[in-house]
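Please read the structure below before turning to the comments.
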Amino acid sequence: MTLVNRQCESHEDQLYRQGANMPTVDSHFDADTARYCRQMLRIAPQRMLANQKALTAFASPGAGAANSLFTFLAQRFDRRISSSLP
């Protein structure tokens, strides 16, 4: 979203982050989306399972798709994994 001539433009990236209420970063390493996704793959399943009881207590934002916030998040995570596979 913040590429200029297929290169990351740090000033544009910082402006986008501010507009999306995200913290600014000090380097391209910190803004690396591939790194973010790898971390998400590593952390998300354990975190969702650890918080399953609390997440199950909340209604799904998409009632037609899931019966609780837990199943909604699990389905979204599963779809993201499936769509990233070759």
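Taking segment 42-71 as the range and being exposed (fewer than 10 other Cβ atoms within 10 Å of the Cβ) and either part of a loop (DSSP other than H, G, I, E, B) or at pLDDT 95 or above (or both) as the test, the residues that pass are Lys53, Gly64.
Identify all residues within segment 10-27 that are open to solvent by 70 Å² or more (accessible area, probe 1.4 Å) and either aliphatic (A, V, I, L, M) or in contact (Cβ under 8 Å) with a residue 40 or more places away in the chain (or both); write none if there are none.
Pass one, segment 10-27, residues open to solvent by 70 Å² or more (accessible area, probe 1.4 Å): 11-12, 15-16, 18-19, 21-24, 26.
The answer is Leu15, Met22.
The values are calculated or read from the model by the stated rules, or taken from the named source; none is laboratory data. These numbers were taken from a predicted model, which means no experiment stands behind them. Heads up, the Cβs are rebuilt from the backbone with ideal geometry, glycines too, and the neighbour counts pull from every protein chain shown. Side chains are part of the model used for accessible areas, which takes the heavy atoms of the whole protein and leaves out ligands, DNA and RNA. Shrake-Rupley method; radii C 1.70, N 1.55, O 1.52, S 1.80 Å.
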